Each structure stands twice: as structure tokens, then as C-alpha cells.
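Student: Provided herewith is a single structure, encoded as C-alpha cells, for subsequent inquiry.
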Amino acid sequence: AAFESFNKAIEIDPKFAGGYAGASIATILASSDSTKTPETAKAGLAEAQRLAQKAVELDPDFGPGWGSLAEAYLRTGQHDESLQAIEKAIQAAPGDSLMRANFGRYLGYVGRAQEGIKQVRQAMRMSPDSLPLLYFLGLNQRSAGQFDAAVESLIEHRKRLSGRILPAPTTQLIAAYVEAGHVDKARETVALLLKAAPKFSARKAAKIHLYKDVKEQQAFGDALRTAGLPD
């Protein structure tokens with residue numbers, strides 16, 4: 001429905017960068033759906049990148065366009081390009097806390113978690129009530145080896161979602177539980193995740209949380225499998 005609305009915006013004004021940026025994000029989210037085949041997901045991400053590139057071509061000063069392009073790059077493993085794009089997003093929209101928090105998240109994926117924590121905390125000062133920021137903080141804390149702190153942040157994030165189980169933050173919580181030595185809690189959380197998303201797997205989690213360092217990617221996957229998430 002979101003994609004249809006953004007497409008309508010593009011039809012009304014083909015030169016409006018926001019329509020393409022929004023359609024790109026909607027396409028990325030649809031591509032990460034656990035029911036999608038690898039081929040469908042790959043095609044979706046390629047289309048998302050095309051849409052985002054169109055947005056920045058139309059308006060190089062539109063922060064969300066660069067933000068969409070950064071996310072599209074990340075999902076296809078182009079980490080350096082992702083960081084470059086998100087830095088341009090912040091330059092274009094320095095007051096956008098989510099852009100800054102995403103910068104922090106991307107830093108976590110490239111092995112710069114301490115820097116990522118600083119960026120996310122700055123975003124949290126800008127928007128204390130923004131829910132995704134707690135998730136991004138927990139992700140970076142886990143990457144920095146602060147496992148108990150990561151568990152605390154990610155549990156608080158879930159509480160603020162009224163207990164809703166979302167695959168992306170929940171897989172980070174599962175891994176943090178395992179790495180903090182709470183395997184039983186991790187297995188309980190896997191059961192909750194599979195109840196909410198029966199077809200979800202460690203492989204699908206790896207497509208969302210794509211680390212630049214192969215060893216870090218392997219450690220994340222191993223933690224999920226230790227907790228009982230199907231491969």
C-alpha cells in the first residue's frame with residue numbers, strides 16, 4: 001500500500017524526489033519479507049537502488065534520497081558506498097535524527113561500533129522518543145561486545161513497541177542473549193520470533209544484518225543457530 005502511494009506521488013509529479021525515495025524504502029522493506037525468494041529479493045533491491053539513484057539525481061540536496069540510497073547499498077553489501085551516501089544525507093539534512101542514527105547503525109556493520117554508539121546517542125538527544133534509535137543502540141552495543149547493555153536496550157525497545165516482535169531487532173536480541181551467556185532466554189525469544197514469523201531463518205537474518213567483516217557475520221549467524229533459529 002505504501003509503494004502504491006509513493007508511485008501515485010511519482011505519477012502526479014515525476015520530478016518529486018520524495019516519491020522515488022519513499023518508493024525505494026518501501027521496495028527494500030518488501031524485499032526483506034521472509035516469504036520472498038532470493039531471486040525476488042535480489043530483483044527488488046536492484047529496483048530500490050534504481051529508485052533511490054533517481055531521487056538523488058532529481059534533487060541532490062534532498063536528505064531522504066541519499067538515505068534511501070544508503071540503505072539500498074547496505075542491503076547489497078556495498079558498505080563503503082552506503083557510508084558515503086548516508087554522510088551526504090546528514091549534510092543535506094543535519095537535523096534529521098533518523099539519518100544520523102542510521103549512520104550509527106551502518107558504522108556498527110563495518111566494525112566501528114564505538115563510533116556508531118556516539119552517533120546513535122547524538123540522534124537520541126535530538127529525538128528522545130524515536131523508537132528505532134534504541135534498536136540501533138543495542139545493535140552497536142552488541143557489536144562492541146557490550147552484550148548485557150545490548151540486551152537491556154533491545155528489551156526496552158520491544159517494551160516500547162508494546163511487546164511486538166519484529167525480526168530485525170529480535171535477531172539482535174537473540175544474538176546478544178547468547179553472547180551474554182543467557183542461552184535459555186535466547187531460545188525463548190526464538191520461539192516468540194517463529195510464532196510471529198514462522199518462515200524466518202538465520203539466513204534471512206543475515207540478509208538484514210549484513211556485516212562487512214566475514215568473521216563478525218559468522219559470529220552473528222552462529223549465535224542465532226545456537227539459540228535454535230533454523231538455518
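The values are calculated or read from the model by the stated rules, or taken from the named source; none is laboratory data. The shown structure was predicted, so the numbers you read here are calculated from the model rather than taken from an experiment. Methodologically, a virtual Cβ is constructed for each residue, glycine included, from the backbone with ideal geometry; neighbour enumeration extends over all protein chains shown. The area values use the complete protein model at the heavy-atom level, side chains included, leaving out ligands, DNA and RNA. Shrake-Rupley method; radii C 1.70, N 1.55, O 1.52, S 1.80 Å.
Student: Restricted to segment 150-175, and to residues that are free of Cβ contacts under 8 Å to residues at least 40 places away in the same chain and within 12 Å of Ala223 (Cβ to Cβ), which residue is surrounded by the most Cβ atoms within 10 Å (Cβ to Cβ)?
Tutor: Looking at the filtered set, the residue picked out is Gln172.
Student: Next question. Out of all the residues in segment 141-157, is one or more aromatic (Phe, Trp, Tyr) and modelled with pLDDT of 95 or more?
Tutor: yes
Student: For Lys185, are the conditions met, namely being in contact (Cβ under 8 Å) with a residue 60 or more places away in the chain, on the phi < 0 side of the Ramachandran plot and among the charged types (D, E, K, R)?
Tutor: The answer is no for Lys185.
Student: Only one residue in Ile25, Ile10 is open to solvent by less than 50 Å² (accessible area, probe 1.4 Å) and hydrophobic (A, V, I, L, M, F, W, C), so which one is that?
Tutor: Ile10
Student: Hey, could you check segment 76-98 for residues that are under 14 Å from the mean Cα position of the chain (by Cα) and within 17 Å of Asn140 (Cβ to Cβ) and say which is most open to solvent (accessible area, probe 1.4 Å)?
Tutor: Filtering segment 76-98 for residues that are under 14 Å from the mean Cα position of the chain (by Cα) and within 17 Å of Asn140 (Cβ to Cβ), the one most open to solvent (accessible area, probe 1.4 Å) comes out as Leu98.
Student: Related question: Quick check on segment 99-110. Is at least one of its residues assigned to a helix (DSSP H, G or I), closer than 29 Å to Lys185 by Cβ and open to solvent by 10 Å² or more (accessible area, probe 1.4 Å)?
Tutor: Yes, segment 99-110 has at least one match.
Student: Now a separate question. If we scan segment 82-91, do we find a residue that is touching a residue at least 40 places away in the same chain (Cβ under 8 Å) and out of contact with any His (no Cβ under 6 Å at 6 or more places or on another chain)?
Tutor: Checked against the condition, which is being touching a residue at least 40 places away in the same chain (Cβ under 8 Å) and out of contact with any His (no Cβ under 6 Å at 6 or more places or on another chain), segment 82-91 yields no hits at all.
Student: Sort out which residues of segment 123-149 are part of a helix (DSSP H, G or I) and either open to solvent by less than 30 Å² (accessible area, probe 1.4 Å) or within 13 Å of Glu216 (Cβ to Cβ) (or both), and write them in order of number.
Tutor: Ala123, Leu133, Leu134, Tyr135, Phe136, Leu137, Gly138, Leu139, Asn140, Gln141, Arg142, Ser143
Student: Identify, please: which residue in segment 113-122 is farther than 12 Å from Leu139 by Cα and out of contact with any Leu (no Cβ under 8 Å at 6 or more places or on another chain) and is, among those, least open to solvent (accessible area, probe 1.4 Å)?
Tutor: Gln122
Student: Hey, among the residues in segment 186-200 that are at pLDDT below 95 and not aliphatic (A, V, I, L, M), which one's most open to solvent (accessible area, probe 1.4 Å)?
Tutor: Lys199
Student: Among the listed residues Lys159, Lys207, which satisfies the condition of being out of contact with any helix residue (DSSP H, G or I) (no Cβ under 8 Å at 6 or more places or on another chain) and in a helix (DSSP H, G or I)?
Tutor: From the options Lys159, Lys207, the qualifying one is Lys159.
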